[in-house]
Structures are given as structure tokens and as C-alpha cells.
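Student: Handing you this structure, nothing more for now.
The values are calculated or read from the model by the stated rules, or taken from the named source; none is laboratory data. In this text the structure is predicted, and so the values were computed from the model without any measurement. A quick note on method: Cβ atoms are made from the backbone with ideal geometry, for glycine too, and the neighbour counts reach across all protein chains shown.
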Amino acid sequence: MNPLSEEIKKRIVQEIENQGFIVFDIKWITSADKSILRIYTDKEWGGITLQECSFLSRIVSTVLDEMSFTDFPYILEVSSPGIDWPLKRLEDFKRVKGRRVKIILKNTPSDSIEGDLIDVDEQGNVYLQDAKNNLINVNLTDVLKAKQVIPEI
């Protein structure tokens with residue numbers, strides 16, 4: 001059984017955003033021996049700290065108690081999505097502007113495009129500059145997968 005209603009999700013997102021954070025995803029995961037409510041959140045710029053995750057966990061826990069979320073035990077996890085979280089929404093691409101990204105297109109899934117994300121417009125056009133300084137324009141509707149590339153040390 002999944003007790004995570006749209007009303008509860010909206011309230012969780014509202015409370016986290018009121019604190020200045022972004023919600024990437026909310027998942028209810030069940031296995032034979034436990035249930036987990038996992039929330040991925042971050043800041044608009046920069047990473048989220050362990051202390052901030054703990055703070056948000058307390059806020060979400062209070063909200064869930066107020067809304068009588070569930071009667072059975074579960075684990076609440078609030079964490080960062082990580083640097084290699086998939087880029088899906090326009091906002092995701094805007095957040096990594098200026099960083100290196102890798103994009104796989106729907107029509108050529110065996111090939112990928114990699115470059116520095118120069119700009120993103122409201123029409124969903126993503127502009128990359130590749131290693132040869134070529135400017136590449138990709139529309140989000142053509143993207144199969146995309147993620148930020150972790151720089152090599």
C-alpha cells in the first residue's frame with residue numbers, strides 16, 4: 001500500500017520550498033521488511049549539507065504527523081540527489097548552466113553530445129559548446145537522457 005497521496009506530496013514540496021530548497025523527487029519504496037519515504041532535495045545553487053537535510057527531515061516529519069500520514073512504521077530519508085542526477089526539466093538544465101553536461105538524443109541513442117552548457121531558453125533550447133568550440137543547439141523534446149558530467153581530477 002502506498003499512503004503517499006498527491007495532497008501529501010504537495011504539502012511536502014510546499015514546506016521544503018518555503019525553506020528555500022528544491023524538491024527533485026519523492027518516492028515511496030516498500031520491500032518485504034521495511035517502507036521508506038525518500039525525498040531528494042537541493043539548493044538552487046550549491047549543494048545541500050547534512051545539517052540542512054536533517055533540518056528538512058524534522059520539518060517533513062512534523063507535516064506527516066499533522067496529516068496522519070500512516071499508522072505503520074517507515075523510514076524517512078531526506079538527501080541530495082547527487083551530482084549525477086538526471087537532468088529532465090527545464091529548471092534542471094538552468095541549474096547547471098556553465099557546467100559540463102552529457103546529452104543522449106532520442107533519434108541517436110548510441111551517440112552522445114558533451115559540452116559546456118552555455119545557455120537555456122524558455123522554449124527548451126539548450127546551447128552547448130563542445131571541446132572543439134562548436135556551438136550545439138538541442139531542444140529538450142529531443143533529449144532521451146542528460147546529466148551533469150563529473151569533472152576528472
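Student: Out of the residues in the range 12-27 meeting the condition of being of a type outside the set (Asp, Glu) and in a strand (DSSP E or B), tell me which one is farthest from residue 42 (Cα to Cα).
Tutor: 27
Student: Moving to a separate point now. Restricting attention to the range 122-131, does a residue exist that is under 23 Å from residue 43 (Cα atoms) and either of a type in the set (Lys, Arg) or exposed (fewer than 15 other Cβ atoms within 10 Å of the Cβ) (or both)?
Tutor: yes
Student: For the range 39-82, which residues satisfy the criterion of being assigned to a loop (DSSP other than H, G, I, E, B), at negative phi and not polar (S, T, N, Q)?
Tutor: Passing the criteria: 44, 45, 47, 48, 67, 69, 71, 72, 73, 74, 81.
Student: Filter the range 1-11 down to the residues that are outside any helix (DSSP H, G or I), surrounded by 12 or more Cβ atoms within 10 Å (Cβ to Cβ) and among the hydrophobic types (A, V, I, L, M, F, W, C) and list them by number.
Tutor: 4, the sole residue that qualifies.
Student: Starting from the range 21-47, keep only residues that are at pLDDT 85 or above and among the small types (Gly, Ala, Ser), then list their pairs with residues that are assigned to a strand (DSSP E or B) and surrounded by 16 or more Cβ atoms within 10 Å (Cβ to Cβ) whose Cβ atoms are within a distance under 8 Å, requiring at least 6 positions of separation or different chains.
Tutor: Here the result reads 35/28, each pair linking the range 21-47 to a residue that is assigned to a strand (DSSP E or B) and surrounded by 16 or more Cβ atoms within 10 Å (Cβ to Cβ).
Student: Of these, 52, 44, 114, which one is farther than 30 Å from residue 131 by Cα and of a type in the set (Asp, Glu)?
Tutor: 52 is the lone residue from the list that is farther than 30 Å from residue 131 by Cα and of a type in the set (Asp, Glu).
Student: Just for the range 36-48: of the residues that are β-branched (Val, Ile, Thr) and in contact with a helix residue (DSSP H, G or I) (Cβ under 9 Å, 6 or more places away or on another chain), which one is surrounded by the most Cβ atoms within 10 Å (Cβ to Cβ)?
Tutor: Applying the filter and picking the extreme gives 41.
Student: While we're looking at this one, here's another question. If residue 33 satisfies every condition in (1) closer than 30 Å to residue 150 by Cα; (2) part of a loop (DSSP other than H, G, I, E, B) but one, which is the exception?
Tutor: (1)
Student: Among the residues that make up the range 58-80, is at least one of them closer than 30 Å to residue 121 by Cα, surrounded by fewer than 17 Cβ atoms within 10 Å (Cβ to Cβ) and in contact with a Ser or Thr (Cβ under 9 Å, 6 or more places away or on another chain)?
Tutor: yes
Student: Could you check residue 83 against (1) closer than 30 Å to residue 143 by Cβ; (2) aliphatic (A, V, I, L, M); (3) at pLDDT 95 or above and say which number it fails?
Tutor: Looking at each condition in turn, residue 83 falls short on (3).
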